[in-house]
Amino acid sequence: MAYHAIAKSAITLSLLMGLMACQPTVEPSPPVPPINEMKIAHLSQGDESSFEAIRSTFADRNPGYDIVYHADQKALPEADGPLVVFIQEGGGTATINGENSSKFSVGDILMLQAGDQVETDSLFSALVFTVPEIAPDNIPAFVRPDWDMNITDTPGGCATETNAYRRILLTWLDKVGPYSFHAINAHRVRIMDSFSHYHPVEGGFDEFYLVQMVLPGAKILTSSQVDLIENPTGIEKGQAKGLIQATPLKVGDLVYLPRGTMHRGVGGVLAQVITIPGFVPGSEIGVDHHLKKINDLLSLDGKAALPFNESASKEAVIK
């Protein structure tokens, strides 16, 4: 009896192994990027696939919004709703509906309503946002940060130095700038060494860097692992190594920073910083004090140390 049971088991096992061998090999699925992972598109190089990846993710996360990039144009299609146009290349004279004319240049914004038609006397490229709200009447059609006397340097945020170039074009709070609009905010800023921070998934905002000038070596530091950063005592040395990524920046780059993504600009970059829906007060959560603590706890120094902003590391920073 024992012999027959063993033989029967051996035959069953053999059949099972044969069946398994006939099954097609299933390749493991590639890891799915977290929704708070930074994305970048090189607009000036015609990087359409990366831009579409940004656009689709952004539009899915923000109902009522969309983006499109128009390169080397002398006119824009008739607006089918409220649009906010960020001039990225070119300059000259622009006319809206054949009557409202103004000079324009890189860094300017055009605020359009449904039915508006823009024509220019020279080629330009622009990043255009569809927004779900009509802008207040006090915001002009042409918002020009370097020419509007109502827009002045306002140090803060990513540029706290006293000689900072930081022009707030569209703001959340009336006390911060002349043009308040909650659907979208923007400030044009020169970033030398910002503090490391993120915007919370709940109650925060998505952010874009539209890069317009850079110094050699300028880059953005990012991390999609804020949960680890905010738990310094739970991090091991092996985890710390890949905690922060450094991405070089070039003129024409569009950087997308979804809610929950830690980021810090360093090295000298002039960017139009755009947020959806806007710079909600209390939604810039600093983490430099956590990064410093991780270095201290794991005795990380030299190239192994996590980069952090020294002045922002002394205590928790929330703006």
Q: Taking Leu300 as meeting all but one of (1) in a loop (DSSP other than H, G, I, E, B); (2) among the aliphatic types (A, V, I, L, M); (3) within 19 Å of the chain's Cα centre (by Cα), write down the number of the exception.
A: (3)
(Q) Suppose the filter is among the hydrophobic types (A, V, I, L, M, F, W, C), closer than 27 Å to Thr57 by Cβ and in a strand (DSSP E or B); does Val280 pass it? (A) no
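Can you pull out every residue in the stretch 100-122 that is part of a loop (DSSP other than H, G, I, E, B), of a type outside the set (D, E, K, R) and over 21 Å from Gln212 (Cα atoms)?
Gln113, Ala114, Gly115, Gln117
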Q) Which ones in the stretch 123-147 are out of contact with any Lys or Arg (no Cβ under 7 Å at 6 or more places or on another chain) and in a strand (DSSP E or B)? A) Phe124, Ser125, Ala126, Leu127, Val128, Phe129, Thr130, Phe142, Val143
Q: Considering each residue of the stretch 257-269, count those that are surrounded by fewer than 24 Cβ atoms within 10 Å (Cβ to Cβ) and either among the basic types (Lys, Arg) or not in a loop (DSSP other than H, G, I, E, B) (or both), and give that number.
A: 5
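Considering the stretch 44-77 alone, what residues qualify as being part of a helix (DSSP H, G or I), small (Gly, Ala, Ser) and closer than 27 Å to Glu119 by Cβ?
Selection gives Ser44 alone.
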Q: May I ask you to list pairs of residues, at least six apart or on different chains, whose Cβ atoms are under 6 Å apart, with the first in the stretch 124-145 being modelled with pLDDT of 95 or more and the second being crowded, with 21+ Cβ neighbours inside 10 Å and small (Gly, Ala, Ser)?
A: Pro145/Gly107
**Q.** Residue satisfying condition, being closer than 24 Å to Pro178 by Cα, surrounded by 17 or more Cβ atoms within 10 Å (Cβ to Cβ) and touching a Pro at 6+ places or on another chain (Cβ under 6 Å), within set Ile151, Ile109, Ile87
**A.** Ile151
Q. Filtering the stretch 30-80 down to residues that are of a type in the set (A, V, I, L, M, F, W, C) and at pLDDT below 95, which residue is nearest to Phe208 (Cα to Cα)?
A. Ile35
Q: Give the residue, chosen from Ala79, Ala94, Ala75, that is surrounded by fewer than 19 Cβ atoms within 10 Å (Cβ to Cβ), touching a strand residue (DSSP E or B) at 6+ places or on another chain (Cβ under 7 Å) and at negative phi.
A: Ala75
Q. Just checking, which of Leu306, Leu291, Leu243 is in contact (Cβ under 8 Å) with a residue 60 or more places away in the chain, surrounded by 21 or more Cβ atoms within 10 Å (Cβ to Cβ), in a loop (DSSP other than H, G, I, E, B) and not β-branched (Val, Ile, Thr)?
A. Leu306
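The values are calculated or read from the model by the stated rules, or taken from the named source; none is laboratory data. It should be emphasised that the depicted structure is a prediction, and the values quoted were computed from it without experimental measurement. Note that we place each Cβ from the backbone using ideal geometry, even for glycine, and neighbour counts take in every protein chain shown.
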